[in-house]
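The values are calculated or read from the model by the stated rules, or taken from the named source; none is laboratory data. Here the structure is a predicted model, which means the values were calculated and not measured. In this analysis, Cβ positions are derived from the backbone assuming ideal geometry, glycine residues included, and neighbour counts consider all displayed protein chains. Only protein heavy atoms, including side chains, enter the accessible area calculation; ligands, DNA and RNA are left aside. Shrake-Rupley method; radii C 1.70, N 1.55, O 1.52, S 1.80 Å.
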Amino acid sequence: MAADDVDVFAHEEKRILELGGHVGFDSLPDQLVSKSVARGFCFNILCVGETGIGKSTLMNTLFNTTFENEEASHYQSEVQLRPQTYDLQESNVNLKLTIVHTVGFGDQINKGESHKPILEYIDAQFESYLEEELRIKRSLFNCHDTRIHICLYFIAPTGHSLKSLDLVTMKKLDSKVNIIPVIAKADTVSKSELDKLKIKIMSELVSNGVQIYQFPTEDEAVAEINTSMNTHLPFAVVGSLDEVKVGNKMVKARLYPWGSVQVENESHCDFVKLREMLLRVNMEDLREQTHARHYELYRRCKLEEMGFKDTDPDSQSFSLQDTYEAKRKEFLVDLQHKEEEMRQMFVSKVKETEAELKEKEKELHERFEQLKRMHQEEKKNLEEKRRELEEEMNAFNRRRVAAETLMGQALQGCSQTPFKKDKDKKNFFSLPSACSLTSGRNMN
């Protein structure tokens, strides 16, 4: 069948036929509801706000339970996202609830990068879902969907307008997630000041182009209440699980010396409005908006980066295989370019290293020649000193021989002189005897 024939059939006007009797597909909504209830639902809430502003307390109040949550300090070096998942059940409906807290948000001196960890977390959840969607064997119904469905942005009641951190963060997040701004701890501000603060906040959001979540008005069943609630944004809320006796009944309230602030009293705060809009009326729309708007935007950008793109009605349809081959060729060409760049870089590095080695070799050779000259000079000096020492030793030996000769002669002379003296001595001692003999003779 030709492509033109397919286009003709596609644009052919659809005919509406009447049924002759009951068939049974009118039970399809009931079947869908039964399967959805059996499968369960998931809902993911991101709480963005400064430490100690009341995020955990509001979550506990919204779901009328106490969630486990570690108390955060004001000394975090960076923003950390802490997701916690709980399984809740109301009647026969199961809800897998994930609450993500931004620990350390607004506690740093330099707050310019505070929004980056939040954006990275949201994109990581989108990427995880996209990977599951692109698997050959996928299981989207059974996988845990961690995409953020709603961001409750907590605004401090102090001050008369939004902080620059609030504006920058919400501006960065509005294309990634549904944002509902809430004024936390609204019982610390008078009602007149609260009304002025609401008007100021909405004015600043509009002037800075921040897109917050608007409750849908297309469905006639909820159009009236959603239109009315859109005018109450941002919601001023108070959270508490404490039971206080007011009149003859116990109510959730915050007790003060001057009185009490009832959480579920609409004249005291907007907590009931927030709960109605978030959980009882627009929960499914938040899930749909996350999938159809924010996730689709992320998915389209990712697929365009991969080389896939939609075709115009007038252009020819594209082939997935052709797109893959074109992207593969583009990747191979890019890879070859990078390999060539790396090769050239390697060659240049080798040449630089060779030049450095040659320079080092030249320096070592010069150093060797210098040491060789120094060695030769020292050797020459040592030779001269050796000759001088030899000459001195020869002269010393000659003097020693002469001295020994003279000493021998002196000793020889000394040995002859005592002999002569002994002879003379004998002659001398012989003279008296002769004299006595001579005198004796004369007397006779």
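Brief remarks follow.
- Test result for residue 145, modelled with pLDDT under 90 and acidic (Asp, Glu): yes
- Checking 130, 95, 88 one by one, the residue that is outside any strand (DSSP E or B) and either farther than 28 Å from residue 166 by Cβ or open to solvent by 40 Å² or more (accessible area, probe 1.4 Å) (or both) is 130 and no other.
- Annotation: residue 157 fulfils all but one of (1) outside any loop (DSSP other than H, G, I, E, B); (2) under 30 Å from residue 262 (Cα atoms); the unmet one is (1).
- Residue that is most open to solvent (accessible area, probe 1.4 Å), among those in the range 281-307 that are touching a residue at least 60 places away in the same chain (Cβ under 8 Å) and among the hydrophobic types (A, V, I, L, M, F, W, C): 297
- Taking residues in the range 157-175 that are at positive phi and outside the structural domain of residue 196 (by the TED database), and partners anywhere that are assigned to a helix (DSSP H, G or I) and open to solvent by less than 50 Å² (accessible area, probe 1.4 Å), not one pair has Cβ atoms closer than 7 Å while being at least 6 places apart or on different chains.
Matching residues to (1) open to solvent by 100 Å² or more (accessible area, probe 1.4 Å); (2) out of contact with any helix residue (DSSP H, G or I) (no Cβ under 7 Å at 6 or more places or on another chain); (3) at pLDDT 90 or above; (4) more than 30 Å from residue 305 (Cα to Cα):
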| residue | (1), (2), (3), (4) |
| --- | --- |
| 329 | yes, yes, no, no |
| 338 | yes, yes, yes, no |
| 356 | yes, yes, yes, yes |
| 368 | yes, yes, yes, yes |
| 376 | yes, yes, yes, yes |
| 388 | yes, yes, yes, yes |
| 410 | no, yes, no, yes |
| 418 | no, yes, no, yes |
| 421 | yes, yes, no, yes |
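- Test: residue in the range 205-216 that is in contact (Cβ under 8 Å) with a residue 24 or more places away in the chain, assigned by the TED database to the domain that holds residue 46, open to solvent by 50 Å² or more (accessible area, probe 1.4 Å) and under 28 Å from residue 145 (Cβ atoms): yes
- Among the conditions (1) of a type in the set (S, T, N, Q); (2) outside any strand (DSSP E or B); (3) at pLDDT below 85, the only one that residue 211 does not satisfy is (3).
- Number of the condition not met by residue 51 [criteria: (1) at pLDDT 90 or above; (2) β-branched (Val, Ile, Thr); (3) open to solvent by less than 40 Å² (accessible area, probe 1.4 Å)]: (1)
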